[in-house]
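Q: So that we are looking at the same thing, I have put the structure below in structure tokens.
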Amino acid sequence: MRPRQNIIDLFSTFIQFNADRFSGWVTEPKLRRSMQNCLNGSQHPQVSENFWILCWYKYWQSQSNNLSKSHLTAYLQEPCYWAAEKTSRSFGSTQYKLSDCFQIAIANIDTVLKGYNPEQGFPLKNYASAIFSSTIRNLLRDRLEVNISTTWSLLRRISQKRLVESLQQTGLSEEKIATYVLAWKCFKNLYSPEQATGTRKLPAPDKATWEAIANYYNQQRIAQLQPGASEVNPE
């Protein structure tokens, strides 16, 4: 990848991919004009890269405007690319290509900016690289686990918090989510397979277990509707 050299390019250009490989830098005209105006109005037009990092970061902190965020997103293209390249290689066989990993990481630019603290002395590039790498690794591990796990093993391992968050993302009502959570708790309480809980290949519950889960769910649902009732506790 050809590194950018001048200040204007650093804060106004974005990586372009072709056949999942770096093919060049694309200029965003609005950002280029913004940088040119800043440099033309500056008493020291050749100020350092760090100066403009802190400049745009402080603007982002005080105003949270899209312009400052876009300049910083442009600046962090290179550490994001190298984090995506290194992490995707380390996972070997995965359906996610380099460009996919890059997009996954750069979409978390807000996480980088919210967590960064220039007073700690770490360069923004280094901090962003660590966050980008962690973001990609976590997603690839989660997707890999989903691909090699059965539905039943995933249901036994998932936390209630994560289950609720996933259901909320589908747009379900709170009442509907509560019924799903109750069903999940009944499933966890009554499905005790012979295999160790941690296995990824748990089979589906047998007919007798399904009937027990359904009966338990109905009992708990009726109990919830009674005054002063509390819901079933998870394992």
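The values are calculated or read from the model by the stated rules, or taken from the named source; none is laboratory data. These figures come from a predicted structure and were not determined experimentally. In this analysis, Cβ positions are derived from the backbone assuming ideal geometry, glycine residues included, and neighbour counts consider all displayed protein chains. When the accessible area is computed, the model is the full protein with side chains, heavy atoms only, and any ligands, DNA or RNA have been set aside. Shrake-Rupley method; radii C 1.70, N 1.55, O 1.52, S 1.80 Å.
Q: Please express the Cα-Cα pair-distance distribution P(r) of the stretch 1-102 as a list of whole percents, one per 5 Å bin, running from 0 to the bin with the greatest distance.
A: Values per bin, smallest distances first: 2, 12, 21, 21, 17, 12, 9, 5, 2, 1, 0.
Q: Please give the net charge around THR135, taking every other residue with its beta carbon less than 12 angstrom from that of THR135, where Lys and Arg add +1 and Asp and Glu add -1.
A: It works out to a net charge of 0.
Q: How much of the accessible area of the stretch 56-104, probe 1.4 Å, is carbon plus sulfur, in whole percent?
A: Working: 1130 of 2450 Å².
Of all accessible area on the stretch 56-104, carbon and sulfur atoms account for 46 percent.
Q: May I pose another question? Would you kindly derive the ³J(HN,Hα) couplings of the stretch 129-135 from the backbone phi angles with the Karplus curve 6.51 cos²θ - 1.76 cosθ + 1.60 (θ = phi - 60°), listing them in order in whole Hz, with x for Gly and Pro?
A: 4, 5, 5, 4, 4, 5, 4
Q: A further question follows. Which of the residue pairs LYS86/LYS114; LYS161/LYS185; LYS58/LYS125; LYS161/LYS188; LYS30/LYS114; LYS69/LYS125 have a Cα-Cα distance greater than 19 Å in the structure shown? All intermediate terms of the calculation are to be shown ahead of the outcome.
A: Numbers: LYS86/LYS114 24 Å; LYS161/LYS185 12 Å; LYS58/LYS125 16 Å; LYS161/LYS188 15 Å; LYS30/LYS114 24 Å; LYS69/LYS125 15 Å.
Over 19 Å apart, Cα to Cα: LYS86/LYS114; LYS30/LYS114.
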